[in-house]
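Everything on this sheet refers to the single structure shown next.
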Amino acid sequence: MSQNSIIEKTSGYVAAFEESLASSYAFNDTQKKIWDILTKAAFESESRIFTREPSLFHDGTPLGTSLCLTEAPFRIRALAEIGVCNSLLSEQIDDSLRTLIDIYETLNWRKSASSINWFCSNIFPEDPTKLENWWGGMWLGVVMGENSKTELRLYFNLRSGNLQNRWEKIMKTLEPFGNFADEAFRKASIDSTAVPAGLGIVFSDDELKGIRLYQGLEKTGSEQIAAFLQKTAQTLDWEKEINEPLRKLENLFGLSAPQSITVSHDIKVTDSRLENRISRVKADINCTRYTNVNADLFEDWILSALDSKGQKAIQNFAQLHAQQFGGASLDYFSLGAQKNGSHRTVYVKPSGLAYSCE
């Protein structure tokens, strides 16, 4: 499939999604331009063959979409791994940053670029040869939100180095913004066999608005997760919003495999400083194991975790992918708890967009 035909498909997908929202809101021209920038960058390689293991989707699909199912009007997000076909990870990072410059120019943003420079300089080594053994560098995301708000998201892979090195990197990177990964949090993570996997940062209105720490769990039993969240997210109703659905999933399918559930903690940033409490905690569930065993049973479990509006939204989301891409696979489902209740997100991989493996 040519780049032009892919762009046509993804543009049509955005138009179809916008139409499905009816009177909720319309995407503005700037948001559509950013979507096009992200899409073109994701599919600019002419070879369409990857030699390095991709990190967003294992089959080499460089673009995915997600939908928040608990905040109306529902927000669509594009996630892209720029430079999937680059043989060197340093090139993948460079291409991502060049795409980011194009997005910043479109948004007419300037001041928050210093935050991106800080994260990059502290997470990635100066010597590009030291990236050779890394699995994945960075992803980009854009959220088309209500009231014409555009959120830009960056995701940094931390799956390199031993546990001590990862925590040292996290503490050094977050130090200017305040104390988050303190000794108590680190101890709770280590006791729960949680392994730092990534950092996410959120920008809106040219300001850093939030930071998210992702940790993959070696022990994925609902009781172990409960003990972890009890120590790290006490103020949120994680029992109802996360653990009750996880126990039901465990009863249906048994224990999840190690690292198949990722727990993330969100902290808002105000005036360049981290707030002193967790604003959201969520568990991202790798869906492949469950859909391979019993896709219908797993779908029923997902629907049971949603209210009627969320159930309708996920069904419409599936129909849109079927119309524009011929289908999609469900890769992650997110159970979240926040101050005002639940948070649910579905992450899908459109069909027919994968690169080939050499």
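The values are calculated or read from the model by the stated rules, or taken from the named source; none is laboratory data. In this text the structure is predicted, and so the values were computed from the model without any measurement. Cβ coordinates were reconstructed from backbone atoms using ideal geometry, including for glycine residues, and neighbour counts include every protein chain displayed.
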Selection status of Ser222, closer than 23 Å to Gln338 by Cα, of a type in the set (S, T, N, Q) and over 21 Å from the mean Cα position of the chain (by Cα): yes
Odd one out for Thr270, checked against (1) among the β-branched types (Val, Ile, Thr); (2) crowded, with 20+ Cβ neighbours inside 10 Å; (3) closer than 23 Å to Leu236 by Cβ: (2)
Odd one out for Ser256, checked against (1) buried (at least 21 other Cβ atoms within 10 Å of the Cβ); (2) among the small types (Gly, Ala, Ser); (3) free of Cβ contacts under 8 Å to residues at least 24 places away in the same chain: (3)
Residue in segment 307-323 that is hydroxyl-bearing (Ser, Thr, Tyr) and farther than 22 Å from Ala257 by Cβ present: yes
Residues being of a type outside the set (Ser, Thr, Tyr), farther than 22 Å from Ile34 by Cβ and either touching a residue at least 40 places away in the same chain (Cβ under 8 Å) or surrounded by fewer than 16 Cβ atoms within 10 Å (Cβ to Cβ) (or both) - total across segment 87-104: 2
Wholly within segment 1-108, helices (runs of 4 or more DSSP H) carrying at least 1 residues that are aromatic (Phe, Trp, Tyr) and at pLDDT 85 or above: 29-42, 89-107
Of all residues in segment 216-225 being of a type outside the set (Val, Ile, Thr) and either modelled with pLDDT of 95 or more or not in a helix (DSSP H, G or I) (or both), the one that is surrounded by the fewest Cβ atoms within 10 Å (Cβ to Cβ): Glu218
Only one of Ser334, Ser304, Ser342 that is more than 16 Å from Ile261 (Cβ to Cβ) and surrounded by 15 or more Cβ atoms within 10 Å (Cβ to Cβ): Ser342
Boolean, Arg280 is touching a strand residue (DSSP E or B) at 6+ places or on another chain (Cβ under 7 Å) and basic (Lys, Arg): yes
Which numbered condition Leu246 fails, given (1) surrounded by fewer than 16 Cβ atoms within 10 Å (Cβ to Cβ); (2) out of contact with any Lys or Arg (no Cβ under 8 Å at 6 or more places or on another chain); (3) touching a residue at least 40 places away in the same chain (Cβ under 8 Å): (1)
Exclusive hit being in a strand (DSSP E or B) and on the phi < 0 side of the Ramachandran plot, set Lys240, Lys248, Lys231, Lys268: Lys268
Matching residues in segment 307-358 - criterion: being part of a loop (DSSP other than H, G, I, E, B) and either at pLDDT 90 or above or within 20 Å of the chain's Cα centre (by Cα) (or both): Asp307, Ser351, Leu353, Ala354
